[in-house]
Amino acid sequence: MAKARGNVFFDNDRCKGCELCTTVCPVDIITIDRNTINKKGYHPAHVTQPEKCIACGNCALVCPDLVITIERVA
Amino acid sequence: MDKVLMKGNEALCAAAIRGGCQFFFGYPITPQNEIPEYMSRELGRAGGTFLQAESEVAAINMVYGAAGAGARVMTSSSSPGIALKQEGISYICGAELPCVIVNISRGGPGLGGIQPSQADYFQATRGGGNGDYYLLVFAPANIQEAADLMIEAFDLADLYRMPVMILGDGMLGQMMEPVVFKERKPRDLPQKDWATTGTAGKRKPNIINSLRLDPAELENLNIRLQEKYAQLKANEVRYETHQTEDAELVFVAYGTSSRIVKNAVAVMRANGLKAGLIRPITLWPFPEQAFEELPDSLRALMSVELSHGQMIDDVKIAARGRWPVGFYGRSGGMIFTQQEIVEAGEKLLREVSHVSGV
Amino acid sequence: MSVVFEKTKGLTEKEFHYCPGCTHGIIHRLVAEVLEEMDLLGDAIGVAPVGCAVLAYDYFNCDMHEAAHGRAPAVATGVKRALPEKTVFAYQGDGDLASIGTAEIVHAAHRGENITVIFVNNAIYGMTGGQMAPTTMIGQRTTTSPFGRNAEQTGAPIRIAEMLATIEGASFIERTSVHNPVHIRKAKKAIRTAFECQQNRKGFSMVEVLSTCPTNWGMSPLASLGWVAENMIPYYPLGNFRNPDKEA
């Protein structure tokens, strides 16, 4: 079965930098972006290597603030 | 419409059903137990729903829920039970919900007694809960009047989107009198498009709420409530005057005890003393205008209450210092006799004429 | 291209005011997703009593009542009796349900009221700044148990799910948690079953959801999830305590 591939979108300004999504990604591509501050004044989470995303949905599942949208591309 | 002999508590229920009551949430407390009992028997037959709650606090919150869902809903209790409902009543006013609340009051404070009392006047008219709000408060003097007012109560509650209180007492609730249940006069009432009936995907959600964390919004709510209360003062004040046209002394009394005062007026007149009575039917808004129509012959007012004096404050406000205001009252469930009122009235007139040297 | 995850229509556009990492946000989403998936949003009326989640009346995309502290089950009863065909739920915190509102929740269950209660247990009063709740753990420091809760003075934490499960009218009672993806999926399933219980008129349903309060616990959001697993779950065991379909 071809490996699933996903497009993941973080709505940065909704993020509160709570880090819950950073520990559930099976391919470990989510970290807190210390170089950015969002509208709320937090460092938002972001995806470091989007191409590795397997569209599992864990990050969106644990996000308390509806920051993450995921599409499956393959 | 035939005349029937009925206990006050039960007549209130029959009238409520005729007035369109669909839901009743209540809790046992003497001396109003016949109300939930009657409703548990009859409301279902009339297509409505009766539910006994686990407490008066739960009952008033069930009223809040059903009223917010657009239903015609009522609760009843007695003095300490009404005290338990005060937070709920404040929420109902803050969320502008219609409902009817009956208080068959009893002696207090605390557990008090189960005999009649009018010591809940402040609780009813000054708002027993938190915040600036009032209820439209009716004080029927007999069972026919109680039924007439109850039939209207749900329409008035819907019209103004607020609670209407029927303030009775143990006498009114427990005694039997002949009563005729009249037809409800048609009124065109506003649609309840604010009610939470489910959006059905067709409208924005309705929210029944009294929380306004933004002070400007909360002030706007309060201003809107005050405008409502001004309308009530303009349109809904009711009172009866009895032989005040040439009176030297006018008693002010309401509810069942005002009937004793009426007898005292007759006895004093027979003794050559011109007495009269102002009987507020709405306790809130208080009928201040009744005090603008009093004759020059008036030398004193006397507030007569089954308490140690609460309505007397409103009488003094309405009197605006133009006349001395006396007081006579009994409490604890003791009921004054006609003779006590006559003697109190005569005594006041003597004191007043002594002072004014007439 | 299929959508794996997007914001549910069961929530409005309003962003949550909750503290970073507060799991109220997850639980709101689960309830909203279930209502959307069961096509109940148009029929749903929710009750949000005093507590952090009082503002849920701005978040759930259905008719809502704000209720006095502890009285949501009574308000929900009034709504349900007035509109028996509608789906009525209450979303309550532990200070609301397990303290001031215990009479109301017990009697809603006792009456077998056909409503669904989402009971969010984070072992503390959140909105008012972190006071002890009846669900606060032994030894847990709060602003009103500054030396750690001790049972001799304030009793032991109350297990609501087990308590309500002794009541005949309680048809579906389950305790869940949202401290990781596996448990979040399970919690959503329980919430769905609870609403189905209501839809099938089987009586009172309640899902207790262990939740976090990073701000008042004085922990990071991630550490808070760990605290739920290590401290709360051993004392508040997860699982089903009443199920209408299971033969008694």
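The values are calculated or read from the model by the stated rules, or taken from the named source; none is laboratory data. Everything numeric in this text was worked out from a predicted model, so none of it was measured. Glycine also receives a Cβ, built like all others from the backbone with ideal geometry; neighbour counts cover every protein chain displayed. Areas reflect the complete protein model, heavy atoms only, side chains present, ligands, DNA and RNA absent. Shrake-Rupley method; radii C 1.70, N 1.55, O 1.52, S 1.80 Å.
Looking only at the range C:20-49, count every residue that is more than 8 Å from every other protein chain (Cβ to nearest Cβ) and assigned to a loop (DSSP other than H, G, I, E, B) and tell me the total.
3
Can you list the helices (runs of 4 or more DSSP H) lying wholly within the range B:50-160 that have 1 or more residues being within 24 Å of B:Pro280 (Cβ to Cβ)? Outline the logic, then answer.
Values: elements: B:56-68, B:80-84, B:86-94, B:121-125, B:143-160.
Per the criteria, B:80-84, B:86-94, B:121-125, B:143-160.
Among the residues of the range C:194-227, which ones are more than 14 Å from every other protein chain (Cβ to nearest Cβ) and under 18 Å from C:His183 (Cβ atoms)?
C:Ala194, C:Met206, C:Val207, C:Glu208, C:Leu210
Looking at the range A:16-63 only, could you name the residues that are facing chain C (nearest Cβ under 9 Å) and either on the phi > 0 side of the Ramachandran plot or open to solvent by less than 20 Å² (accessible area, probe 1.4 Å) (or both)?
A:Lys16, A:Gly17, A:Cys18, A:Glu19, A:Leu20, A:Ala55, A:Gly57, A:Cys59, A:Ala60, A:Val62, A:Cys63
Of everything in the range B:266-293, what is more than 24 Å from the chain's Cα centre (by Cα) and in contact (Cβ under 8 Å) with a residue 12 or more places away in the chain? Give them in sequence order.
Across the range B:266-293, the qualifying residues are B:Val267, B:Met268, B:Arg269, B:Asn271, B:Leu273, B:Lys274, B:Ala275.
Can you report the number of residues in the range C:88-111 which are more than 7 Å from chain B (Cβ to nearest Cβ), open to solvent by 10 Å² or more (accessible area, probe 1.4 Å) and either aliphatic (A, V, I, L, M) or in contact with an Asp or Glu (Cβ under 9 Å, 6 or more places away or on another chain) (or both)?
Here is the first cut: in the range C:88-111, the residues more than 7 Å from chain B (Cβ to nearest Cβ) are C:88-102, C:105-106, C:108-111.
Keeping just the survivors that are open to solvent by 10 Å² or more (accessible area, probe 1.4 Å) gives C:93, C:99-100, C:102, C:106, C:110-111.
Okay, now just the ones that are also either aliphatic (A, V, I, L, M) or in contact with an Asp or Glu (Cβ under 9 Å, 6 or more places away or on another chain) (or both), so C:100, C:106, C:110-111.
Result for the range C:88-111: 4.
With respect to B:Arg184, is the statement that it is in contact with a helix residue (DSSP H, G or I) (Cβ under 9 Å, 6 or more places away or on another chain), over 20 Å from C:Ala82 (Cα atoms) and open to solvent by less than 70 Å² (accessible area, probe 1.4 Å) true?
Values: in contact with a helix residue (DSSP H, G or I) (Cβ under 9 Å, 6 or more places away or on another chain): yes; over 20 Å from C:Ala82 (Cα atoms): yes; open to solvent by less than 70 Å² (accessible area, probe 1.4 Å): no.
The answer is no for B:Arg184.
Any residue in the range B:79-94 that is at positive phi sitting within a Cβ distance under 8 Å of a residue that is among the aliphatic types (A, V, I, L, M) and open to solvent by less than 10 Å² (accessible area, probe 1.4 Å)? List the pairs, counting only those 6 or more apart or interchain.
As it stands, the answer is none, since no pair meets every condition given.
For the range C:50-80, enumerate the residues that are facing another protein chain (nearest Cβ under 7 Å), in contact (Cβ under 8 Å) with a residue 12 or more places away in the chain and open to solvent by 10 Å² or more (accessible area, probe 1.4 Å).
If the condition is that a residue be facing another protein chain (nearest Cβ under 7 Å), in contact (Cβ under 8 Å) with a residue 12 or more places away in the chain and open to solvent by 10 Å² or more (accessible area, probe 1.4 Å), then C:Asn61, C:Arg71 are the ones that fit.
For B:Asp214, are the conditions met, namely being outside the structural domain of B:Gly88 (by TED's automatic domain parsing), modelled with pLDDT of 95 or more and open to solvent by 60 Å² or more (accessible area, probe 1.4 Å)?
Working: outside the structural domain of B:Gly88 (by TED's automatic domain parsing): no; modelled with pLDDT of 95 or more: yes; open to solvent by 60 Å² or more (accessible area, probe 1.4 Å): yes.
Answer is no for this residue.
Tally time: how many residues in the range C:1-17 are open to solvent by less than 50 Å² (accessible area, probe 1.4 Å) and either more than 7 Å from chain A (Cβ to nearest Cβ) or out of contact with any Asp or Glu (no Cβ under 8 Å at 6 or more places or on another chain) (or both)? Talk me through it step by step, then tell me what you get.
Looking only at the range C:1-17, we keep the residues that are open to solvent by less than 50 Å² (accessible area, probe 1.4 Å), and these are C:5, C:8, C:10-12, C:16.
Adding the requirement that they be either more than 7 Å from chain A (Cβ to nearest Cβ) or out of contact with any Asp or Glu (no Cβ under 8 Å at 6 or more places or on another chain) (or both) leaves C:5, C:8, C:10-12.
So the answer is 5.
For the structure I just gave you, tell me whether B:Ser90 is more than 8 Å from chain C (Cβ to nearest Cβ), modelled with pLDDT of 95 or more, closer than 23 Å to B:Thr125 by Cα and open to solvent by less than 10 Å² (accessible area, probe 1.4 Å).
Values: more than 8 Å from chain C (Cβ to nearest Cβ): yes; modelled with pLDDT of 95 or more: yes; closer than 23 Å to B:Thr125 by Cα: yes; open to solvent by less than 10 Å² (accessible area, probe 1.4 Å): no.
No, not satisfied.
Among residues belonging to the range B:44-71 that are out of contact with any strand residue (DSSP E or B) (no Cβ under 7 Å at 6 or more places or on another chain) and open to solvent by 10 Å² or more (accessible area, probe 1.4 Å), point out the one that is farthest from the other protein chains (Cβ to nearest Cβ).
My answer is B:Arg45.
Would you check which residues across the range B:265-280 are of a type outside the set (Gly, Ala, Ser) and either open to solvent by 10 Å² or more (accessible area, probe 1.4 Å) or modelled with pLDDT under 95 (or both) and list them? Let's see the steps before the verdict.
Narrowing the range B:265-280 to residues of a type outside the set (Gly, Ala, Ser): B:265, B:267-269, B:271, B:273-274, B:277-280.
B:Val267, B:Arg269, B:Asn271, B:Leu273, B:Lys274, B:Arg279 - these are the residues of the range B:265-280 that are of a type outside the set (Gly, Ala, Ser) and either open to solvent by 10 Å² or more (accessible area, probe 1.4 Å) or modelled with pLDDT under 95 (or both).
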